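The values are calculated or read from the model by the stated rules, or taken from the named source; none is laboratory data. All values reported here derive from a predicted model rather than from experimental measurement. Neighbour counts are summed over all protein chains in view; Cβ atoms, including those assigned to glycine, are modelled from backbone coordinates with ideal geometry.
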Amino acid sequence: MSQTKSMPTDSSIQVTPSPLQVPEHVAIIMDGNGRWANQRGLPRAAGHRAGAESVRRAVEACKRYHIKYLTLYAFSSENWKRPESEIKALMNLLQRFLKEKTKEMVKQNVRLRTIGRIDMLPADTRKQLDKALKQTENNTELTVTLALSYGSREEIVDATKAIAKDVAGGKLDPDTIDNATFKNYLYAPDQPDPDLLIRTSGELRLSNFLLWQLSYAEIFVLDKFWPDFNEEDMHAAVQEYSKRHRRFGAI
Ligand code: FPP
């Protein structure tokens, strides 16, 4: 759902007088770290490191707009097919990021959550994640959900298995299953669906991200690589979202 908000007070962005329709939940496909690095003759890991800085900027921008939920596609089910060295670099980066930023998240009243098959992550990464989840669990201003080892088809399969088990166990009557029941079996059932999906790198794909939840999201594609994402880009996305007329299939 959208919230009507006045513009953030930041001197670097232009202020227009009309109130903005601010999305409550923004989801981001952070694409292009590798190409950003390639263009500079750098290893792909350098692109991911620069991408982590964009994560910090995106979180700050969401806080400025009082956006309540930010969901980031940080590691997909398909990313396990990448070379071991790149997977290792990504996991190390995530661990370092959590180690360095958890204190700041607590200070900023940011809650961290995860979605995905977290049990597939290396033990060290899970340990660092658990710490960050625990330390931020009572925070209320912005929920940042990291999609890790995440695939939407896998999420739907996991939900279906859980539903089948509950039906077999007599806990659920199949005739009562509706959209709301199904949503309850997804990884983060208590979160509203994203209102706005941002994707960087100009690609027009969903890439197995939140297929159920994005059914009615507005899509904003940026023609730049994720490490170049900045506050003005979030501003442009929210501005564009604000202009869209969401009808949810009605007239
Ligand atoms: C896509 O770029 C990005 C990823 C697969 C990983 C996203 C990770 C980060 C932004 C950094 C770490 C995240 C956190 C939360 C600390 P790509 O490698 O697919 O780029 P390419 O399509 O240009 O190869």
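The figures follow:
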| read-out | value |
| --- | --- |
| Residue within the range 80-90 that is within 11 Å of the ligand (Cβ to nearest atom), at pLDDT 95 or above, under 20 Å from the mean Cα position of the chain (by Cα) and within 15 Å of Phe229 (Cβ to Cβ) present | no |
| Residue satisfying condition, being at positive phi, free of Cβ contacts under 8 Å to residues at least 12 places away in the same chain and not basic (Lys, Arg), within set Gly202, Gly170 | Gly170 |
| Any hit, the range 17-27, residues being within 9 Å of the ligand (Cβ to nearest atom) and closer than 29 Å to Glu141 by Cα | no |
| Boolean, Thr145 is of a type outside the set (Gly, Ala, Ser), closer than 17 Å to Leu72 by Cα and out of contact with any helix residue (DSSP H, G or I) (no Cβ under 7 Å at 6 or more places or on another chain) | yes |
| Residue in the range 151-164 that is surrounded by 15 or more Cβ atoms within 10 Å (Cβ to Cβ) and either within 15 Å of the ligand (Cβ to nearest atom) or among the polar types (S, T, N, Q) (or both) present | yes |
| Single match in Met105, Met120, Met30 (criterion: crowded, with 19+ Cβ neighbours inside 10 Å and either more than 13 Å from the ligand (Cβ to nearest atom) or under 19 Å from Leu214 (Cα atoms) (or both)) | Met30 |
| Residue check, Glu203 more than 16 Å from the ligand (Cβ to nearest atom) and among the acidic types (Asp, Glu) | no |
| Candidates Asp195, Asp175 - the one that is charged (D, E, K, R) and farther than 23 Å from Asp158 by Cβ | Asp195 |
| Wholly within the range 63-179, helices (runs of 4 or more DSSP H) carrying at least 2 residues that are under 30 Å from Val238 (Cβ atoms) and of a type in the set (Val, Ile, Thr) | 84-107 |
| From the options Ala50, Ala45, residue that is more than 8 Å from the ligand (Cβ to nearest atom), in a helix (DSSP H, G or I), over 21 Å from Glu141 (Cα atoms) and under 20 Å from the mean Cα position of the chain (by Cα) | Ala50 |
| The one condition in (1) hydrophobic (A, V, I, L, M, F, W, C); (2) surrounded by fewer than 23 Cβ atoms within 10 Å (Cβ to Cβ); (3) near the ligand (Cβ under 7 Å from one of its atoms) that Trp36 fails to fulfil | (2) |
| Candidate set: the range 180-236, residues that are of a type in the set (A, V, I, L, M, F, W, C) and assigned to a helix (DSSP H, G or I); chosen: the one nearest to Glu24 (Cα to Cα) | Met234 |
| Boolean, Tyr69 is away from the ligand (no atom under 15 Å from the Cβ), within 22 Å of Ile219 (Cα to Cα) and modelled with pLDDT of 95 or more | yes |
